[in-house]
Amino acid sequence: MHVRKGDQIVVIAGKEKGKRGRVLRLLTSKSRVVVERINMVKRHTKPTQRSPRGGIVEKEAGLPLSNVSLWCAKCATARRARADVDANNKKRRVCAKCATAFETA
Ligand SMILES: [Zn+2]
């Protein structure tokens, strides 16, 4: 797993290529990832207790994990992470090229 919930990612393949967003959910068993505002689909929903009117709702659908990469804001491109430790000896992930720490929102 090269991304985590809350990571800023960029889509590197497929029809949403080039878009950026934050990871909302990981669907590990399906090797998919749900990203904010990426791969929106329309779902025709029946009225339920929670949404008594039903209708057409737009929501994010999962996309293959292999189509996303971590986004390094400093390099302004897709980058891999490598492991590192901070000043307090805590493990963290940093950009493989510029060593900027990836933040998980
Ligand atoms: Zn970088």
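No lab work stands behind these numbers, since they all come straight from the coordinates. Model, not experiment: these values are computed from the prediction. Cβ sites come from the backbone with ideal geometry, for glycine too, and all protein chains shown count toward neighbours.
Taken together, the residues in segment 1-25 that are out of contact with any Asp or Glu (no Cβ under 6 Å at 6 or more places or on another chain) and under 18 Å from R80 (Cα atoms) amount to 17. Of all residues in segment 25-81, those being away from the ligand (no atom under 16 Å from the Cβ), assigned to a strand (DSSP E or B) and touching a Ser or Thr at 6+ places or on another chain (Cβ under 6 Å) number 1.
Here's a check for you: in segment 1-24, which residue that is β-branched (V, I, T) and assigned to a loop (DSSP other than H, G, I, E, B) is nearest to A76 (Cα to Cα)? Ranking the candidates gives I12 first.
From the residues in segment 82-100 that are more than 10 Å from the ligand (Cβ to nearest atom) and either closer than 16 Å to R4 by Cβ or aromatic (F, W, Y) (or both), which one is surrounded by the most Cβ atoms within 10 Å (Cβ to Cβ)?
R93
Counting only residues that are charged (D, E, K, R) and over 29 Å from R93 (Cα atoms), segment 1-59 holds 7 of them.
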